[in-house]
Amino acid sequence: GIGVFFFIGGLNAMLIRTELLRPNPPVFSPGQYLTIVGLHGAMMIMMVSSIILGPFGHYFVPLMIGSRRMAFPRLEALSFWLLPLAGIILTSTIAYGGFPTGWTGYPQLASQADAGMDGYLVAFALVGIGMILNALNIMVTVFNHRAPGMTWMRMPIFVWSMLTTS
């Protein structure tokens, strides 16, 4: 899963470099270039970072606080499966004209965008929902599932970082 999204983001980085290789003639039209830049940024920021954060937190936090599992295993699964769905929708935006807003979804350009912008917004919402569910699960696990004797001052720094990030 993560390797595919990382590959797509890296491939788009190489396409950006191909465009910047020489000044004339352009390899891509300006709209296509913005879509490539946007897809690269969205894949690397939205997909890869959130896919790395979720599984690492779900694996290491229970081990480090002495819990057998996360507080809500089904919520953990839902937050995991929302991310590949968002990645598929984000990748499919190319077929609908892309999103010429860059990875930030710049509002002034978004109002002029094609149907690909809708796909970007849906993917962004799915990643956001998945990360909120992930954060909720980590917070409840740290608050309620610590082993006896695992006080706040004894928690490892990784657990603190996951808790504050959540």
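Numbers for the structure displayed
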| read-out | value |
| --- | --- |
| So residue 72, is it more than 20 Å from the chain's Cα centre (by Cα) and of a type outside the set (A, V, I, L, M) | yes |
| Residue 107 crowded, with 16+ Cβ neighbours inside 10 Å and not charged (D, E, K, R) | no |
| Restricting region 1-29 to residues that are over 17 Å from residue 124 (Cβ atoms) and β-branched (Val, Ile, Thr), the residue that is most open to solvent (accessible area, probe 1.4 Å) | 4 |
| Pairs with Cβ under 9 Å, 6+ apart, first in region 131-151 and of a type in the set (D, E, K, R), second in a loop (DSSP other than H, G, I, E, B) | 146/66; 146/67; 146/155 |
| Candidate set: region 30-54, residues that are of a type in the set (Gly, Ala, Ser) and either open to solvent by 50 Å² or more (accessible area, probe 1.4 Å) or within 14 Å of the chain's Cα centre (by Cα) (or both); chosen: the one farthest from residue 88 (Cα to Cα) | 54 |
| Residue tally, condition touching a residue at least 24 places away in the same chain (Cβ under 8 Å) and open to solvent by 50 Å² or more (accessible area, probe 1.4 Å), over region 77-89 | 3 |
| Residue in region 11-18 that is among the β-branched types (Val, Ile, Thr) and closer than 23 Å to residue 108 by Cβ present | yes |
| Residue satisfying all of: in region 93-112; in a helix (DSSP H, G or I) and not hydrophobic (A, V, I, L, M, F, W, C); farthest from the chain's Cα centre (by Cα) among these | 108 |
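Per-residue answers, yes or no, for (1) open to solvent by less than 50 Å² (accessible area, probe 1.4 Å); (2) touching a strand residue (DSSP E or B) at 6+ places or on another chain (Cβ under 7 Å); (3) more than 21 Å from residue 4 (Cβ to Cβ); (4) part of a helix (DSSP H, G or I):
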residue: 56; (1), (2), (3), (4): no, no, no, yes
residue: 91; (1), (2), (3), (4): yes, no, no, yes
residue: 114; (1), (2), (3), (4): no, no, yes, no
residue: 133; (1), (2), (3), (4): yes, no, yes, yes
residue: 137; (1), (2), (3), (4): yes, no, yes, yes
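The values are calculated or read from the model by the stated rules, or taken from the named source; none is laboratory data. Here the structure is a predicted model, which means the values were calculated and not measured. Note: ideal-geometry Cβ built from the backbone for every residue, glycine included; neighbour counts use all protein chains shown. Keep in mind that these areas ignore ligands, DNA and RNA; they rest on the heavy atoms of the full protein, side chains included. Shrake-Rupley method; radii C 1.70, N 1.55, O 1.52, S 1.80 Å.
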